[in-house]
Amino acid sequence: MFVPVTGAECYACIGVAEGLITAGHTVLFAVDSMWAGKFTQYGIQEVLLEAPAGPHTGPHGGPQDANAAKIGRIQHLMKTGKIGPLPPIEKIQHGRSGIGGFAMLAMKFDKQVEPLLTSIKPDCIVLEQFLTLPSVALSGIPYVWLWSPNPLCMVNDDRAPPMCSGLSVNGDKKLWQEFRDVWNNECKESLTKFNEYVVSRGCQPLKDNAFTDVSKCLNIYGYPLELDYTDIRPLPRNFIRFDNFKRFDKHLEFEIPVPLRDRPGKLIYFSLGSIGGADVENMKRLLKILSKSKHRFIVSKGPLHEEYELPDNMWGAATVPQIQVLQLVDLVITHGGNNTTTETMYFGKPMIVLPLYGDQYDNAQQIQDKGCGIRLDTYRCTEEEMLNAIEKLLNDKPLNEKLRKISSRIQSDNILFIPIPGAGHMNACITIAEGLIANGHTVLFAIHTIWAGTLDKYGIQEVLLDVHAGPQSPEVAMTDMAQVAKHMVKTGKISGLSPIEKARQGGSGMGGRAEKTIMFDRQVEPVLASVSPDCIVLDQFMTLPSVVRSGVPYVWIHSAGPLIMVDDVRTPPAASGLYANGDKKLWQEFRDVWNNGCKESWIRFNDYVVSRGCQPLKDNSFKDTTKCLNIYGYPLELDYTDIRPLPKNYIRFDNLKRNDKHLKFDIPVQLRDRPGKLIYFSLGSMGAADVKNMKRLVTILSKSKHRFIVSKGPLHEKYDLPVNMWGAATVPQIQVLPLVDLVVTHGGNNTITETMYFGKPMIVLPLFGDQYDNAQQVEDKGFGIRLDAYQCSEDKLLNAIEKLLNDKPLNEKLRKISSRIQSDNMVGRVNSSVGVAEVLIAAGHSVTFAMNHHWLGRLTKYGIREVLLDDTDTLSTETSSRDFIKSMSQQLVKSQIVSSLSPLEKARIKGKYQDRVDKVLNLDRHIEKMLIDLKPDCVILDQFVAIPSVVLSGIPFVNSNSVAPLSMWDDPRTPPPASGLSANGDQKLWHQFREVMYHSCKESWIQINDYIVSRGGQPLNENCFHDTKQALNIYGYPLELDYTDIRPLPKNYIRFDNLKRTEKELEFEIPVPLRDRPGKLIYFSLGSMASADVENMKRLVTILSKSKHRFIVSKGPLHEEYDLPVNMWGAATVP
């Protein structure tokens, strides 16, 4: 629920609300009745208040005519001198701050809001107010403060000018103090009264001269980075800046008016807002000046538009669609309201600012100080000043280019990655970047020069940290990598020493890392200033103070093993390779050695962090990840969450696997016809640089009867491979892994997670760091074997190969894990078909399912044969179930199919069937080929739309309908499908719904009907997407719920009470936490798609937590994103 000030401030709230509605939230505005009907066009629900809802309404709010109320309010402002030629400080000195009126109205408004909170029970409140509302502060409901004015209004800081003063950030600070003293003196009496009210309501007293307490909530504000004051006054961490809160106003259109279209001159937008536009005498004065310009003007005339005419070089109206106009013009003349200022910056236009009151003075001065426009006196500017300013700004090419770049930055949503320059870390970051780019974001990598020129193939922009470096050849990059690897071998980091011996030797190398991080941090700082990212993604071993202090939201990616993220005494220490169920004395011994080795480095690095203005780090910890989102990639089956649950700001993915779609790989010719299994051998770029050890291992593997694909590493030319091997400096790992039967690896995090994705057993030969932990966990969990990379004997290595290749239970277990990671959970329609298939199999029939990759391996347990269709989904086969369901649910939310809209409103959504039609057009050709290959005796279809290849095949087919019966057959004797209308209800509503539905689906129906006819099929009945007359139709629906009493079905329809599968292999007992609790037992499931709407699931779970009963919850694919109360137990899926 939004609680906005009812004025232009509402537009900022609309901008935020549109984003929330798009994400599937229900948004309500508690507003003055003068705004009634203004918000529904945005999908916002209105809660109308009877009395004035904010200080702007004054005595003219309420249910009277909105325009009359607005005019009366403006005239009051002009009469009292709040709008007029006096400078800011004189308006305050004359008692014209208006703060007393604000305080009185806030107290009345607060009492109006209180009952709303009780009746509506919002999950979150968004406040856009000038003063604290005790009813909100004491409600116990999370709230966010949205600041729509200039940022100086949020926090009174001595390092910046006072709000509403219009004083320059570079000006005389004595003037700042003089203005503050006058302001504080004027507000003292009002503040005292308001503070007494706040305390009487049960809140803490407000600070001196403050009317709000924003320390305990999230604060968001809209102001372009280039205009903000963060360079002189950094804000607390609970303040988040957006460049603007621009609304879309997609329902509005605008073209250059005919009278201006063919006139010469630049196009200029002139608006002083509704308040400035009502000062008719001043508007006439300014228009007379502008009439002498050679340029054209679009004028927002304001509420008294009928009281003055425009010259012939102008066109205007009472209001104009500002968002649409700004895109067309070359210059903006404005009063400097915050919305107009930020929206003009969004479109990159220069401004002449004529401020009238309040924060407009601050915006005007900041625009001039930052070189984005010119400030003029609204009432005293001369003809010469105005016309010269217009020509100056229109002809200032450097300024216009600067504004174009600012506009490009604001509109592009820059996300800056700062990765560790190692192959594994880079690859994990590339994975995340690919998803962000696919969703329309601009992604930049701040990288070491050895990676220059390697990222453009992914669509990633490179920011090189060495300004003298340019793109390098792969050979040069490989040479640099070889030098790093040689150094690691030389210093013993890659060697036969045990993990604890390496820790004792100097240890972890954290001293060197700390020094490099300090240098790196100073390199990153100017990059942040130049790139101005909207979000930063870090993958680093240590904190970067430049990022922490930047004020930019940041996310931490952990591309190494999970133990490195959080040191928890319930798990082995990171980089130890110790057993999770092992001797905890060994854990402590390793920790002591590690901490002792790092102590001096930690002290130096912590001193640096503190010197940069950050909070001190915890003992022996080189980073603080408690205040940001953390994501990591590690399979559920390997993770440590069973012994150490992670905080809620950590999100696990099964992998951070890149697609590498641009790479291709075929089994090399020399291996293609050789006997034996195919094995992938890689020790990573670092491990492969120990040529002596690589030669030793290759010699052992040469005695195997199997074939090997070898990633030889940066020193690939220094050794040759035997005849049972093929290799290269690097190989496309993602393409190789699906082809092989076994992986021999160093245990880097990417290789581990990617190998689990493809379900392959592993022999792990760890070399350093988290590789020891991965190796031990793979062995502990039974997915492979850990061997010593330097001391493993020929017998051990060759025997391990044979053991894993011949372990059928292990390979089946890994196949199921791979299927889980890769599969989706869209089970509703398939489950119905499985129910039918089980009956047919029991009767002795052979049943085959033609399906997409997401179901591969999941149906054999029912005795069903699987035949894989070519990829017909909108996502690749490598998309995890989590990503797939999330994407599908976001599409449904975005299209508003899943939303709080009524069925009729959803029916109005045009093209809602288009996705189904597009899939069928693709699916039909694949099925045609499959029918020829399989020659089935009968086809069973469960589809929304007719499949011509089946209809025309001559093979008998059955339509199995897994949806509600109304969707099978639209009969005028029943309500229309998907309407939710009562069978006993008003049939006029049935007819209305049908008309709306038919209209919205018309184009899709024409497309599929034309396609069916072009394939030789009979035309479909109008507005019907399939023809059920030619086939047997079966459906599952209980007799007691069916519509057969009002609409008997044709004889080719057969009803079953259900199409329930047996799931005999699954067992379930009431979970222990619920077993002895009192209360009835209730099952709660919204299905795989609806449960992916996490916010709504949280809302419903919160309600159910107040029940005295017990609940079993099917949490859905995003099950890890929310917790359940004590009266519930749940899992991603339940049987």
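The values are calculated or read from the model by the stated rules, or taken from the named source; none is laboratory data. Given the structure is predicted, the values throughout are model-derived calculations rather than measurements. All Cβ positions, even for glycine, are placed from backbone atoms using ideal geometry, and neighbour counts span all protein chains on display.
So the values come out like this:
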quantity: Residue list for the stretch 395-432, restricted to those being touching a helix residue (DSSP H, G or I) at 6+ places or on another chain (Cβ under 7 Å), in contact (Cβ under 8 Å) with a residue 40 or more places away in the chain and closer than 30 Å to T751 by Cα; calculated: N414, I415, L416, F417, I418, P419, A423, G424, N427, A428, I430
quantity: Which listed residue, of G782, G727, G747, is buried (at least 19 other Cβ atoms within 10 Å of the Cβ) and in a loop (DSSP other than H, G, I, E, B); calculated: G747
quantity: Restricting the stretch 676-694 to residues that are modelled with pLDDT of 95 or more and over 13 Å from A789 (Cβ atoms), the residue that is farthest from the chain's Cα centre (by Cα); calculated: G676
quantity: Those residues of the stretch 222-274 which are in contact with a strand residue (DSSP E or B) (Cβ under 6 Å, 6 or more places away or on another chain) and either among the β-branched types (V, I, T) or under 24 Å from G43 (Cβ atoms) (or both), in sequence order; calculated: G222, I240, F242, N244, F245, I268
quantity: Some residue of the stretch 210-221 being more than 30 Å from L20 (Cβ to Cβ) and among the charged types (D, E, K, R); calculated: no
quantity: Filtered residues of the stretch 374-430 (kept if buried (at least 16 other Cβ atoms within 10 Å of the Cβ), part of a helix (DSSP H, G or I) and acidic (D, E)); calculated: none
quantity: Helices (runs of 4 or more DSSP H) (entirely within the stretch 491-610) containing at least 2 residues that are in contact with a Cys (Cβ under 9 Å, 6 or more places away or on another chain); calculated: 510-531, 545-548
quantity: Residue identified as out of contact with any Ser or Thr (no Cβ under 6 Å at 6 or more places or on another chain), exposed (fewer than 12 other Cβ atoms within 10 Å of the Cβ) and in contact (Cβ under 8 Å) with a residue 60 or more places away in the chain among P1135, P1048, P1038, P1078; calculated: P1135
quantity: Condition check for I1008: in a helix (DSSP H, G or I) and either in contact (Cβ under 8 Å) with a residue 12 or more places away in the chain or of a type in the set (K, R) (or both); calculated: yes
quantity: Any chance K516 is surrounded by fewer than 19 Cβ atoms within 10 Å (Cβ to Cβ) and either in contact (Cβ under 8 Å) with a residue 24 or more places away in the chain or farther than 21 Å from H746 by Cβ (or both); calculated: yes
quantity: Which listed residue, of Y346, Y361, is aromatic (F, W, Y), within 30 Å of the chain's Cα centre (by Cα) and assigned to a helix (DSSP H, G or I); calculated: Y346
quantity: Helices (runs of 4 or more DSSP H) lying entirely in the stretch 198-312 (those with 1 or more residues that are in contact (Cβ under 8 Å) with a residue 60 or more places away in the chain and buried (at least 17 other Cβ atoms within 10 Å of the Cβ)); calculated: 273-276, 280-290
quantity: Residue list for the stretch 431-451, restricted to those being buried (at least 18 other Cβ atoms within 10 Å of the Cβ) and either touching a Cys at 6+ places or on another chain (Cβ under 8 Å) or not in a helix (DSSP H, G or I) (or both); calculated: T442, V443, L444, F445, A446, I447, H448
quantity: Pairs with Cβ under 6 Å, 6+ apart, first in the stretch 140-156 and farther than 17 Å from P4 by Cα, second in a helix (DSSP H, G or I) and not aromatic (F, W, Y); calculated: L152/D362
quantity: Residue among D619, D639 that alone is among the charged types (D, E, K, R) and in contact with a strand residue (DSSP E or B) (Cβ under 8 Å, 6 or more places away or on another chain); calculated: D639
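Let's see how each residue does on (1) of a type outside the set (S, T, Y); (2) under 30 Å from G863 (Cβ atoms):
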| position | (1), (2) |
| --- | --- |
| P1019 | yes, no |
| N1033 | yes, yes |
| F1068 | yes, yes |
| Y1083 | no, yes |
| V1094 | yes, no |
| L1100 | yes, no |
| K1106 | yes, no |
| H1109 | yes, no |
